[in-house]
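Scroll down for the structure; my scribbles are underneath it.
The values are calculated or read from the model by the stated rules, or taken from the named source; none is laboratory data. In this text, all values refer to a predicted model and were calculated from it rather than measured experimentally. Glycine also receives a Cβ, built like all others from the backbone with ideal geometry; neighbour counts cover every protein chain displayed.
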Amino acid sequence: MKKIVLILGVLLSVTLFAEEAMLKETKFTQVLQQITKHKKTFIEVGSDSCHSCQKMGRLLYKIKQQHPEYPIYFVNVHKERNAAYRLRVQMIPTQIILDNKGYEIYRHVGILPKKEIHTLFQQKLKLEKL
């Protein structure tokens, strides 16, 4: 009986503390290749080791799961320092929207609340409701 209780306790702990999935990393060169395929592109710039970036990554992952057609990409600047330089990122997380020619039309530094992301996607990306 003690073993069963112990096993159930371990399983419950693992379930409670299991990490939610984050938005998958995309190489910066691949993001650049995708820009002309969309009217606008949303880039989440951050790191997998940054708490605020992880929070944004989990939120964007959920949105991407609901809408896989949305042009949402995550660039990990700890692995791709050149991307941070080219995008002029000074702090993470940073969200950037580029038009289909690669020109920046929006930038935000920090965590975007879910409600603001919905509004942003509707107004700037002209996407349907999330």
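Give all pairs with beta carbons closer than 6 Å in which a residue from the stretch 64-82 that is closer than 15 Å to His118 by Cα meets a residue that is surrounded by 20 or more Cβ atoms within 10 Å (Cβ to Cβ) and among the aromatic types (Phe, Trp, Tyr); count only pairs at least 6 apart in sequence or on separate chains.
From the stretch 64-82, the pairs are Ile72/Phe42.
Looking at the stretch 71-108 only, could you name the residues that are among the polar types (S, T, N, Q) and closer than 18 Å to Met22 by Cβ?
Asn76, Thr94, Gln95
Suppose the filter is at pLDDT below 95 and crowded, with 20+ Cβ neighbours inside 10 Å; does Leu120 pass it?
No.
From the list Val31, Val45, pick out the single residue that is modelled with pLDDT of 90 or more, in a helix (DSSP H, G or I) and within 24 Å of Leu125 (Cβ to Cβ).
Val31
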